[in-house]
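Here's the structure, in structure tokens; my notes come after.
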């Protein structure tokens, strides 16, 4: 997906989690493209991605509808992701990291250090963080060598906010988001160091804690008024 497409996707996720696009609301390409000031193509691609993530469902031939989402459903799906990614981290530790895998993870950490070093976020940083975050997690999953974990994660990714790629960034509060991403990046470094030093239980535990931080999405949904 292009940078513009990724930005549209992140924006729509935030509009859903904030309640600006409310459960049951019908969405069409033209009004949303006009609202966000982009062409219909990235909107179309974002709608499909959000359908895959369980946040939208089809409503007619071309339209979509915001899906009613239960906060407990989100919390449970994220907890499952934490268990599965924690297991992947433990298996990767027990397997040991190959040179290429270690280099990839170190590159993700270096990119994250560079992104956060200036002490604030700009909009372009969101795309960069998304890419390095997905690469970091997928590299550990591959290093686990477990097809069962990979398949289970793919199934779980179809639930709202369960996927590591489904990050919702509030562009109006980048100061807060900077703190959140800084903490997540610190956890990435701890996970990497645990794997590298052979601390399988620690790698598993921190990865589970890292995934469960996303339960804030469920808490945000639960805090919304029932009319939203």
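The values are calculated or read from the model by the stated rules, or taken from the named source; none is laboratory data. Since this is a predicted model, take the numbers as computed values, not measurements. Cβ coordinates were reconstructed from backbone atoms using ideal geometry, including for glycine residues, and neighbour counts include every protein chain displayed.
For segment 82-89, indicate whether the set of residues that are crowded, with 19+ Cβ neighbours inside 10 Å, outside the structural domain of residue 157 (by TED's automatic domain parsing), part of a helix (DSSP H, G or I) and touching a helix residue (DSSP H, G or I) at 6+ places or on another chain (Cβ under 6 Å) is non-empty.
No, because not a single residue in segment 82-89 is crowded, with 19+ Cβ neighbours inside 10 Å, outside the structural domain of residue 157 (by TED's automatic domain parsing), part of a helix (DSSP H, G or I) and touching a helix residue (DSSP H, G or I) at 6+ places or on another chain (Cβ under 6 Å).
Residues checked against (1) in the same structural domain as residue 214 (by TED's automatic domain parsing); (2) loosely packed, with under 14 Cβ neighbours inside 10 Å; (3) under 18 Å from the mean Cα position of the chain (by Cα):
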| site | (1), (2), (3) |
| --- | --- |
| 99 | yes, yes, no |
| 112 | yes, no, yes |
| 121 | yes, no, yes |
| 125 | yes, no, yes |
| 134 | yes, no, yes |
| 149 | yes, no, yes |
| 167 | yes, no, yes |
| 183 | yes, yes, yes |
| 187 | yes, no, yes |
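Only one of 61, 28, 49 is surrounded by 13 or more Cβ atoms within 10 Å (Cβ to Cβ), over 20 Å from residue 167 (Cβ atoms) and either in contact (Cβ under 8 Å) with a residue 24 or more places away in the chain or more than 19 Å from the chain's Cα centre (by Cα) (or both). Can you tell me which?
Within the list 61, 28, 49, the selection yields 28.
Take residue 119 and decide whether it is at positive phi and out of contact with any strand residue (DSSP E or B) (no Cβ under 6 Å at 6 or more places or on another chain).
yes
Could you grab me the full set of residues in segment 125-139 that are touching a helix residue (DSSP H, G or I) at 6+ places or on another chain (Cβ under 9 Å) and without any contact (Cβ under 8 Å) to a residue 60 or more places away in the chain?
125, 128, 129, 131, 132, 133, 135, 136, 137, 139
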